[in-house]
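What follows is a single structure, written as C-alpha cells, with notes after it.
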Amino acid sequence: MNKNLVSIIIPTYNRANLLRETLDSVLNQTYANWECIVVDDGSTDATDKLLEEYCRQDSRFQYHKRPKESLKGGNVCRNLGFGFSKGTFIKWLDSDDLLSADLLFSQVNTLNTILENKYALATSKWNYFKDSIEDVKPQIKEINKNYESGFDLLYDFGINNSFLPQHVYLVKRELVIKSGLWNESLSINQDGEFFTRILLNATKIVHAQEGMVFYRYDPLNNNNVSAFSNFEKCKDSILSWILIDTYIKLYTKQNKSIKYVENGKQYLVKNITDKKLLQEYVFFFGKTLNKKGKRDGKIMKFSNLVKVRIVAKMRNLKWRIKK
C-alpha cells in the first residue's frame, strides 16, 4: 500500500509564523511513505530553528538552504528541491498552504490504478481559507473529474473560468522530467506557466474523490507575492501568458488562442494599470485592448520581432532538463 514514495517540495522565505501549520499538515498524512524537502531562500527569521525541530522529530523531513551563489527565488528553490527528491510522485506545496490528512492516501491510491502510465497525474478538490480551515468545505467544480488529456483540462479551465492551485496536483516523476522544471526567470504566474507544460504532456488525469487542499488567501494583504506590485511583475505576468499561449498553439497546431488564454488576457488588462506596458504587447492582447482589432504595419512588424525573441527565449530557458 505504501510502496511508492511521495516527495513534497516546499520553498520558503521568512514564513516561520505560518510554516509550522503547513509542516503539521504533512506530518498528519495517513499515507506514511513520504519525504518533505524544505528549501530555504535565505530566511532571516526563525525558519532554521523550526526546521531543526521537525528534522529531529521525524527523519522524513529535510532542510536545505539555497546556496548563496545560486539565483534567489521560489522557482530556484523548487528546482533545487526536485534535485534532492527521490519520489515516484511529486507534490509542490507553498509554505503557507495546507493538505487534508487523507489527501496523499487518496491521490496515491487513485494513481496506483494507472501506474503503468508514465505521464499521469492526480488532482483533488480544494478551497480558499484565510486563518482557519475549520468548516472549510471543498468547492464543487465541473473540473473535479478524470480527463483523458491535460489539454482537455486546460480547455475546461477556459469554459468554466477556473484554475487549480499547484498543490492540488500529484505528478509522476517521469512527467516532470518530460515537461521540464520551473522557469527561474519568472517572478509571477510561474505555476500557471509550469503546469501548462505539465498538463500538455499529461496523457491521463485522475481525480481523487477523497481529500482536499487548502489555499491560503487574504484579499486585504497587500504584500501578497501574486499581486501586480511592480513593473517587473506586470511584465513577467504578460510574458508568462505569452508562453502559455505559445505552448498551447504548438500543441493544437492552431494560431487561435483558446478561451483559457483569452480569460488570462482579460485578467491582465483589468489588473495592470500601466497601459503603456500593455500597448507594448498589443500583438498578444489584440482585440482585448482594441475592440476593432486594428493594427498598423509597424505594430505587426514589431509583433513578429517579439515573437521571434520569445521563441529564442523558450529554447534557452534554464528549466529545460538535460537528458
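Shown are S229, S162, S187, whose ranking by accessible area with a 1.4 Å probe and every protein chain present, most to least, is S229, S187, S162. Calculated [222 nm] ellipticity per residue, helices only, for the chain: -13000 deg cm²/dmol; basis is -39500 (n - 2.57) per DSSP H run with n ≥ 4, divided by all residues, nearest 500. Remark: the N271-N255 segment gains 3.2 nm on full extension, using 0.36 nm per residue and subtracting the alpha carbon distance. With both residues required to sit in the chain, DSSP beta bridges show an antiparallel share near 20%. Exposure here means at most 10 other Cβ atoms within 10 Å; with GluC sites (Glu not before Pro) in a DSSP loop as sites, the longest stretch of the chain lacking them is 143-323. Counting only heavy atoms of the protein chains and using a 1.4 Å probe, I133 has close to 60 Å² of accessible surface. Calculated accessible area for segment 103-238 comes out at 44 Å² per residue, all protein chains present (probe 1.4 Å; ligands, DNA, RNA ignored).
Per-atom-type breakdown for segment 68-211 gives carbon and sulfur 51% of the accessible area (1.4 Å probe, protein chains only). When the alpha carbon gyration tensor of the chain is reduced to an equivalent ellipsoid, its three semi-axes come out at 33, 22, 19 angstrom, largest first. Counting pairs of Cα atoms in segment 38-170, how many percent are more than 19 Å apart? Every Cα pair in segment 38-170 considered, those over 19 Å come to 62 percent. May I ask you to work out the translational diffusion coefficient for segment 113-247 at 25 °C, viscosity 0.890 mPa s, via Stokes-Einstein with Rh from the Kirkwood sum over Cα pairs, reported in whole µm²/s? Estimated via Stokes-Einstein, D reaches 153 µm²/s.
The alpha carbon gyration tensor of segment 1-47 gives principal lengths a ≥ b ≥ c with a/c of 1.5 or higher and a/b no greater than b/c, which makes the shape oblate.
The values are calculated or read from the model by the stated rules, or taken from the named source; none is laboratory data. Predicted model, so just to flag it, every value in this text is computed and none were measured. FYI the Cβ positions are ideal-geometry reconstructions off the backbone, even for glycines, and counts take in every protein chain you see. Heavy atoms of the whole protein, side chains included, go into the accessibility calculation; ligands, DNA and RNA do not. Shrake-Rupley method; radii C 1.70, N 1.55, O 1.52, S 1.80 Å.
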